[in-house]
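Take a look at the structure set out below.
The values are calculated or read from the model by the stated rules, or taken from the named source; none is laboratory data. Quantities reported herein were computed from a predicted structural model and do not represent experimental measurements. So basically every Cβ, Gly included, is an ideal-geometry build from the backbone, and we count neighbours across all protein chains shown. Remember, those area values only see protein heavy atoms, side chains included, never the ligands or the DNA or RNA. Shrake-Rupley method; radii C 1.70, N 1.55, O 1.52, S 1.80 Å.
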Amino acid sequence: MTGQSGSSTRIRGTGKRRKKPSRRRRATVIAAWTAAGVVVVGGAGLGYAYVKLNDNLKAVDINAALGKNRPVNVDNGSQDILVLGSDSRSGANSAYGVDEGTARSDTAMVVHVNKGHKTASVVSIPRDTLVTRPDCTSDTTGKTVAGQQRAMFNTAYEVGGPACAVKTVESMSGIRMDHYVEVDFTGFKKLIDQLGGVKITTTQAIDDSKSHLHLQPGTHTLNGEQSLGLVRTRKSIGDGSDLGRIQLQQAFIKALMEQVKSVGVFSNPKTLFDLADTATKAVTTDSDLGSVQSLTGFATGLKGLNPKNVTMVTMPVQYDPADPNRVVPLEESAQQVWTALKHDKPIPASATEKSAGDKGVAGKVVR
(Lines give C-alpha, C1' and ligand atoms only; values in the text may rest on other atoms or scores of the structure.)
Protein backbone atom coordinates (compact mmCIF):
# COMPACT_ATOMS: atom_id res chain seq x y z
CA MET A 1 0.00 0.00 0.00
CA THR A 2 3.02 2.24 -0.31
CA GLY A 3 4.69 3.92 -3.24
CA GLN A 4 2.96 5.07 -6.39
CA SER A 5 0.33 2.39 -6.52
CA GLY A 6 -1.37 3.59 -3.34
CA SER A 7 -4.70 5.37 -3.33
CA SER A 8 -5.92 7.64 -0.50
CA THR A 9 -5.96 11.87 0.32
CA ARG A 10 -4.36 20.65 1.38
CA ILE A 11 -5.65 23.56 3.47
CA ARG A 12 -5.07 27.71 3.74
CA GLY A 13 -5.66 30.71 6.29
CA THR A 14 -6.44 34.54 6.88
CA GLY A 15 -5.41 36.58 9.83
CA LYS A 16 -8.18 35.90 12.28
CA ARG A 17 -7.22 36.46 15.86
CA ARG A 18 -6.06 33.21 17.32
CA LYS A 19 -8.00 31.51 20.05
CA LYS A 20 -5.95 30.50 23.04
CA PRO A 21 -4.97 26.91 22.30
CA SER A 22 -5.81 24.20 24.77
CA ARG A 23 -3.14 21.75 25.90
CA ARG A 24 -2.08 19.89 22.81
CA ARG A 25 -2.87 16.25 22.56
CA ARG A 26 -1.40 13.50 20.42
CA ALA A 27 -2.99 13.59 17.02
CA THR A 28 -3.09 10.88 14.49
CA VAL A 29 -2.71 12.01 10.95
CA ILE A 30 -5.46 9.84 9.77
CA ALA A 31 -7.97 11.36 12.11
CA ALA A 32 -6.97 14.88 11.23
CA TRP A 33 -7.36 14.31 7.54
CA THR A 34 -10.72 12.64 7.79
CA ALA A 35 -12.05 15.07 10.38
CA ALA A 36 -11.31 17.93 8.02
CA GLY A 37 -13.23 16.15 5.29
CA VAL A 38 -16.36 15.27 7.22
CA VAL A 39 -16.58 18.70 8.81
CA VAL A 40 -18.42 19.81 5.68
CA VAL A 41 -21.32 18.90 7.88
CA GLY A 42 -21.07 22.38 9.31
CA GLY A 43 -22.68 23.72 6.17
CA ALA A 44 -25.88 21.81 6.94
CA GLY A 45 -26.39 23.47 10.32
CA LEU A 46 -28.08 26.79 11.03
CA GLY A 47 -28.44 28.90 14.17
CA TYR A 48 -27.62 26.78 17.22
CA ALA A 49 -25.71 24.22 15.20
CA TYR A 50 -23.49 26.86 13.61
CA VAL A 51 -22.68 28.53 16.93
CA LYS A 52 -22.06 25.23 18.69
CA LEU A 53 -19.67 23.95 16.04
CA ASN A 54 -17.90 27.29 15.81
CA ASP A 55 -17.31 27.33 19.58
CA ASN A 56 -15.78 23.84 19.39
CA LEU A 57 -12.90 24.97 17.20
CA LYS A 58 -9.37 25.76 18.35
CA ALA A 59 -7.11 27.78 16.05
CA VAL A 60 -3.47 28.89 15.88
CA ASP A 61 -2.36 31.98 13.94
CA ILE A 62 0.45 30.42 11.91
CA ASN A 63 0.70 33.40 9.56
CA ALA A 64 1.35 35.88 12.37
CA ALA A 65 3.98 33.65 13.95
CA LEU A 66 5.91 33.04 10.73
CA GLY A 67 5.66 36.48 9.12
CA LYS A 68 6.68 37.07 5.50
CA ASN A 69 9.91 35.06 5.31
CA ARG A 70 8.26 32.00 3.78
CA PRO A 71 8.13 30.20 0.42
CA VAL A 72 6.13 31.92 -2.32
CA ASN A 73 2.39 31.39 -2.04
CA VAL A 74 1.51 29.79 -5.38
CA ASP A 75 -2.11 30.65 -6.10
CA ASN A 76 -2.94 28.11 -8.81
CA GLY A 77 -5.87 26.37 -7.15
CA SER A 78 -3.81 23.59 -5.57
CA GLN A 79 -3.47 23.31 -1.81
CA ASP A 80 -0.78 22.08 0.60
CA ILE A 81 -1.68 21.10 4.14
CA LEU A 82 0.48 19.97 7.04
CA VAL A 83 -1.46 17.35 9.01
CA LEU A 84 0.20 16.80 12.34
CA GLY A 85 -0.19 14.67 15.44
CA SER A 86 1.46 15.29 18.79
CA ASP A 87 2.41 12.65 21.34
CA SER A 88 1.22 14.48 24.46
CA ARG A 89 -0.21 12.22 27.16
CA SER A 90 -2.02 14.97 29.04
CA GLY A 91 -5.70 14.99 29.98
CA ALA A 92 -7.84 12.26 28.44
CA ASN A 93 -4.81 10.90 26.60
CA SER A 94 -2.97 9.90 29.80
CA ALA A 95 -4.12 6.32 29.30
CA TYR A 96 -1.61 6.03 26.43
CA GLY A 97 1.52 6.86 28.40
CA VAL A 98 3.09 9.04 31.08
CA ASP A 99 2.55 12.79 30.71
CA GLU A 100 6.07 14.23 30.47
CA GLY A 101 4.87 17.83 30.13
CA THR A 102 5.87 18.22 26.48
CA ALA A 103 4.58 17.05 23.12
CA ARG A 104 6.27 16.13 19.85
CA SER A 105 4.88 15.64 16.38
CA ASP A 106 4.49 11.89 16.45
CA THR A 107 2.90 11.79 12.99
CA ALA A 108 3.26 14.23 10.10
CA MET A 109 1.96 14.28 6.54
CA VAL A 110 2.08 16.88 3.80
CA VAL A 111 -1.15 16.61 1.83
CA HIS A 112 -1.07 18.14 -1.66
CA VAL A 113 -4.41 18.46 -3.45
CA ASN A 114 -4.02 19.26 -7.14
CA LYS A 115 -5.55 22.40 -8.66
CA GLY A 116 -8.57 20.50 -9.96
CA HIS A 117 -9.13 18.83 -6.56
CA LYS A 118 -9.52 15.47 -8.29
CA THR A 119 -6.19 13.92 -7.27
CA ALA A 120 -3.90 14.24 -4.27
CA SER A 121 -0.45 13.21 -3.08
CA VAL A 122 0.35 12.52 0.56
CA VAL A 123 3.95 12.54 1.82
CA SER A 124 4.60 11.10 5.28
CA ILE A 125 7.58 12.55 7.16
CA PRO A 126 9.13 10.05 9.61
CA ARG A 127 9.28 11.56 13.08
CA ASP A 128 12.85 10.30 13.63
CA THR A 129 14.23 12.08 10.55
CA LEU A 130 17.32 14.16 11.34
CA VAL A 131 16.87 17.60 9.81
CA THR A 132 18.22 21.13 10.06
CA ARG A 133 15.59 22.85 12.18
CA PRO A 134 15.43 26.59 11.42
CA ASP A 135 15.17 29.42 13.93
CA CYS A 136 11.49 30.03 14.61
CA THR A 137 9.11 31.96 16.81
CA SER A 138 6.96 29.91 19.15
CA ASP A 139 3.26 30.48 18.52
CA THR A 140 2.56 29.88 22.21
CA THR A 141 5.23 32.01 23.91
CA GLY A 142 6.21 34.44 21.15
CA LYS A 143 9.88 33.77 21.92
CA THR A 144 12.55 32.95 19.35
CA VAL A 145 13.68 29.32 19.36
CA ALA A 146 17.22 28.71 18.09
CA GLY A 147 17.62 26.35 15.17
CA GLN A 148 19.60 23.13 15.34
CA GLN A 149 21.42 20.81 12.95
CA ARG A 150 20.71 17.08 13.06
CA ALA A 151 17.61 17.66 15.14
CA MET A 152 14.85 15.06 15.10
CA PHE A 153 11.97 16.34 13.03
CA ASN A 154 9.45 15.86 15.82
CA THR A 155 11.34 18.23 18.14
CA ALA A 156 10.18 21.22 16.06
CA TYR A 157 6.69 20.92 17.51
CA GLU A 158 8.08 20.28 20.98
CA VAL A 159 10.15 23.47 21.15
CA GLY A 160 8.00 25.86 19.12
CA GLY A 161 4.55 24.41 18.61
CA PRO A 162 2.65 24.27 15.30
CA ALA A 163 4.35 27.37 13.87
CA CYS A 164 7.81 25.87 14.27
CA ALA A 165 6.64 22.57 12.79
CA VAL A 166 5.23 24.39 9.76
CA LYS A 167 8.43 26.43 9.32
CA THR A 168 10.55 23.28 9.49
CA VAL A 169 8.45 21.57 6.81
CA GLU A 170 8.57 24.67 4.62
CA SER A 171 12.35 24.84 5.04
CA MET A 172 12.71 21.18 4.07
CA SER A 173 10.36 21.24 1.11
CA GLY A 174 10.46 24.79 -0.20
CA ILE A 175 6.64 24.63 -0.28
CA ARG A 176 4.39 27.05 1.56
CA MET A 177 1.80 25.29 3.69
CA ASP A 178 -1.65 26.74 3.05
CA HIS A 179 -3.13 25.13 6.15
CA TYR A 180 -2.42 23.24 9.34
CA VAL A 181 -4.60 20.54 10.94
CA GLU A 182 -4.01 18.64 14.20
CA VAL A 183 -6.15 15.99 15.96
CA ASP A 184 -6.02 14.13 19.28
CA PHE A 185 -6.33 10.54 20.55
CA THR A 186 -9.81 10.77 21.99
CA GLY A 187 -11.22 12.71 19.06
CA PHE A 188 -9.85 10.09 16.67
CA LYS A 189 -11.52 7.26 18.57
CA LYS A 190 -14.88 9.03 18.68
CA LEU A 191 -14.79 9.77 14.96
CA ILE A 192 -14.21 6.11 14.14
CA ASP A 193 -16.96 4.96 16.49
CA GLN A 194 -19.46 7.42 15.00
CA LEU A 195 -18.60 6.18 11.54
CA GLY A 196 -19.51 2.69 12.68
CA GLY A 197 -15.94 1.44 12.65
CA VAL A 198 -13.55 0.85 9.76
CA LYS A 199 -13.25 -2.43 7.89
CA ILE A 200 -9.75 -3.75 7.28
CA THR A 201 -8.29 -7.11 6.32
CA THR A 202 -5.13 -8.38 7.96
CA THR A 203 -2.97 -10.87 6.07
CA GLN A 204 -1.13 -11.95 9.23
CA ALA A 205 -1.72 -11.79 12.95
CA ILE A 206 -1.01 -8.53 14.80
CA ASP A 207 -0.05 -8.99 18.43
CA ASP A 208 1.32 -5.73 19.83
CA SER A 209 1.44 -5.25 23.59
CA LYS A 210 2.52 -1.60 23.25
CA SER A 211 -0.53 -0.57 21.23
CA HIS A 212 -2.77 -3.19 22.93
CA LEU A 213 -3.91 -4.54 19.57
CA HIS A 214 -4.45 -8.25 19.02
CA LEU A 215 -5.92 -9.39 15.69
CA GLN A 216 -5.96 -12.70 13.87
CA PRO A 217 -5.60 -12.81 10.07
CA GLY A 218 -8.88 -11.99 8.37
CA THR A 219 -11.42 -9.19 7.91
CA HIS A 220 -12.26 -7.02 10.90
CA THR A 221 -14.40 -3.94 11.58
CA LEU A 222 -12.26 -1.97 14.00
CA ASN A 223 -13.84 0.32 16.58
CA GLY A 224 -12.16 3.56 17.69
CA GLU A 225 -9.90 2.00 20.31
CA GLN A 226 -8.77 -0.77 17.95
CA SER A 227 -8.17 1.71 15.13
CA LEU A 228 -6.02 3.83 17.40
CA GLY A 229 -4.11 0.69 18.31
CA LEU A 230 -3.54 -0.12 14.65
CA VAL A 231 -2.08 3.27 13.74
CA ARG A 232 0.16 3.12 16.82
CA THR A 233 1.39 -0.42 16.13
CA ARG A 234 5.10 -0.66 15.40
CA LYS A 235 7.10 -3.33 17.24
CA SER A 236 5.20 -6.36 15.92
CA ILE A 237 5.14 -5.32 12.24
CA GLY A 238 7.89 -5.29 9.61
CA ASP A 239 11.25 -4.19 11.02
CA GLY A 240 9.59 -2.65 14.09
CA SER A 241 10.53 0.88 13.04
CA ASP A 242 8.51 4.04 12.64
CA LEU A 243 8.75 3.49 8.86
CA GLY A 244 6.64 0.36 9.21
CA ARG A 245 4.09 2.16 11.34
CA ILE A 246 3.77 4.84 8.65
CA GLN A 247 2.89 2.14 6.13
CA LEU A 248 0.14 0.85 8.42
CA GLN A 249 -1.20 4.37 8.84
CA GLN A 250 -1.30 4.90 5.09
CA ALA A 251 -3.17 1.64 4.55
CA PHE A 252 -5.65 2.57 7.26
CA ILE A 253 -6.27 6.02 5.78
CA LYS A 254 -7.38 4.44 2.53
CA ALA A 255 -9.83 2.20 4.36
CA LEU A 256 -11.08 5.17 6.37
CA MET A 257 -11.73 7.24 3.26
CA GLU A 258 -13.74 4.40 1.77
CA GLN A 259 -15.74 4.14 4.99
CA VAL A 260 -16.60 7.86 4.98
CA LYS A 261 -18.00 7.52 1.47
CA SER A 262 -19.87 4.27 2.17
CA VAL A 263 -21.83 5.44 5.23
CA GLY A 264 -23.43 8.34 3.33
CA VAL A 265 -22.40 11.08 5.76
CA PHE A 266 -23.36 13.76 3.25
CA SER A 267 -26.95 12.54 2.86
CA ASN A 268 -27.92 12.06 6.52
CA PRO A 269 -28.25 15.39 8.44
CA LYS A 270 -28.00 13.84 11.91
CA THR A 271 -24.95 11.75 11.01
CA LEU A 272 -23.47 14.83 9.43
CA PHE A 273 -23.98 16.99 12.51
CA ASP A 274 -22.76 14.35 14.96
CA LEU A 275 -19.59 13.85 12.96
CA ALA A 276 -19.07 17.60 12.63
CA ASP A 277 -19.53 18.06 16.38
CA THR A 278 -16.90 15.42 17.13
CA ALA A 279 -14.55 16.60 14.40
CA THR A 280 -14.59 20.26 15.42
CA LYS A 281 -13.83 19.29 19.02
CA ALA A 282 -10.98 17.05 17.91
CA VAL A 283 -9.07 19.35 15.59
CA THR A 284 -6.79 22.34 15.99
CA THR A 285 -6.36 24.30 12.77
CA ASP A 286 -4.62 27.38 11.46
CA SER A 287 -6.64 30.55 12.00
CA ASP A 288 -7.75 30.69 8.37
CA LEU A 289 -9.67 27.45 8.94
CA GLY A 290 -10.76 28.42 12.45
CA SER A 291 -14.46 28.81 11.65
CA VAL A 292 -17.22 26.51 10.49
CA GLN A 293 -17.69 28.61 7.37
CA SER A 294 -14.02 28.26 6.39
CA LEU A 295 -13.91 24.53 7.13
CA THR A 296 -17.11 23.99 5.22
CA GLY A 297 -15.73 25.71 2.14
CA PHE A 298 -12.51 23.74 2.39
CA ALA A 299 -14.21 20.37 2.85
CA THR A 300 -16.75 21.02 0.09
CA GLY A 301 -13.82 21.47 -2.27
CA LEU A 302 -12.63 17.95 -1.42
CA LYS A 303 -15.93 16.11 -1.98
CA GLY A 304 -14.92 15.09 -5.49
CA LEU A 305 -11.66 13.49 -4.35
CA ASN A 306 -11.78 9.71 -4.83
CA PRO A 307 -9.56 7.54 -2.59
CA LYS A 308 -8.33 5.75 -5.71
CA ASN A 309 -6.84 9.01 -6.96
CA VAL A 310 -4.70 9.64 -3.89
CA THR A 311 -1.05 8.59 -3.95
CA MET A 312 0.73 8.01 -0.64
CA VAL A 313 4.49 7.82 -0.14
CA THR A 314 7.01 8.27 2.63
CA MET A 315 9.59 11.02 2.22
CA PRO A 316 12.67 9.24 0.80
CA VAL A 317 15.06 8.43 3.64
CA GLN A 318 17.89 6.12 4.59
CA TYR A 319 19.01 4.92 7.99
CA ASP A 320 21.55 7.26 9.53
CA PRO A 321 25.04 5.68 9.32
CA ALA A 322 25.87 7.15 12.73
CA ASP A 323 22.66 6.00 14.44
CA PRO A 324 20.49 3.14 13.10
CA ASN A 325 17.59 4.39 15.23
CA ARG A 326 17.37 7.55 13.13
CA VAL A 327 16.88 8.27 9.43
CA VAL A 328 18.17 11.07 7.18
CA PRO A 329 16.62 12.36 3.96
CA LEU A 330 17.84 11.05 0.64
CA GLU A 331 18.34 14.60 -0.59
CA GLU A 332 18.16 14.03 -4.34
CA SER A 333 15.16 11.72 -4.12
CA ALA A 334 13.38 13.91 -1.59
CA GLN A 335 13.88 16.90 -3.86
CA GLN A 336 12.16 14.96 -6.65
CA VAL A 337 9.14 14.54 -4.41
CA TRP A 338 8.96 18.20 -3.35
CA THR A 339 9.53 19.41 -6.92
CA ALA A 340 6.62 17.30 -8.15
CA LEU A 341 4.33 18.82 -5.51
CA LYS A 342 5.53 22.36 -6.28
CA HIS A 343 4.65 21.93 -9.94
CA ASP A 344 1.36 20.14 -9.21
CA LYS A 345 2.64 16.96 -10.88
CA PRO A 346 2.41 13.28 -9.88
CA ILE A 347 5.30 12.01 -7.75
CA PRO A 348 7.55 9.95 -10.05
CA ALA A 349 8.04 6.31 -9.05
CA SER A 350 11.81 6.79 -9.32
CA ALA A 351 11.72 9.20 -6.38
CA THR A 352 11.00 6.46 -3.84
CA GLU A 353 12.88 3.51 -5.34
CA LYS A 354 15.92 3.88 -3.05
CA SER A 355 14.02 4.88 0.07
CA ALA A 356 14.08 2.75 3.20
CA GLY A 357 10.54 3.95 3.85
CA ASP A 358 9.00 2.04 0.96
CA LYS A 359 10.79 -1.29 1.39
CA GLY A 360 9.09 -2.65 4.50
CA VAL A 361 6.34 -5.26 4.66
CA ALA A 362 4.02 -3.47 7.08
CA GLY A 363 1.90 -1.96 4.32
CA LYS A 364 1.16 -5.46 3.03
CA VAL A 365 -0.20 -6.62 6.38
CA VAL A 366 -3.40 -4.54 6.11
CA ARG A 367 -5.61 -3.99 3.11
So is residue 174 open to solvent by 10 Å² or more (accessible area, probe 1.4 Å), of a type outside the set (A, V, I, L, M, F, W, C) and at positive phi or not? yes
Hey, can you tell me all the residues within the range 295-341 that are part of a helix (DSSP H, G or I), among the aliphatic types (A, V, I, L, M) and touching a Leu at 6+ places or on another chain (Cβ under 7 Å)? 295
Name the residues in the range 71-84 that are buried (at least 16 other Cβ atoms within 10 Å of the Cβ), at pLDDT 90 or above and not hydroxyl-bearing (Ser, Thr, Tyr), would you? 79, 80, 81, 82, 83
Can you tell which of 89, 150 is open to solvent by 10 Å² or more (accessible area, probe 1.4 Å) and at pLDDT 90 or above? 150
Looking at 364, 303, 359 in this structure, which one is under 14 Å from residue 242 (Cα atoms), out of contact with any Lys or Arg (no Cβ under 7 Å at 6 or more places or on another chain) and modelled with pLDDT under 95? 359
How many residues are of a type in the set (Asp, Glu) and either within 17 Å of the chain's Cα centre (by Cα) or loosely packed, with under 14 Cβ neighbours inside 10 Å (or both) if we restrict to the range 297-331? 2
Checklist (1) open to solvent by 20 Å² or more (accessible area, probe 1.4 Å); (2) modelled with pLDDT under 85; (3) farther than 30 Å from residue 52 by Cα applied to residue 240, failing item: (1)
Name the pairs whose Cβ atoms lie under 9 Å apart, with the first residue in the range 191-206 and on the phi > 0 side of the Ramachandran plot, the second buried (at least 18 other Cβ atoms within 10 Å of the Cβ), and 6 or more positions between them or separate chains? 196/259; 197/220; 197/222; 197/224; 197/226; 197/227; 197/259
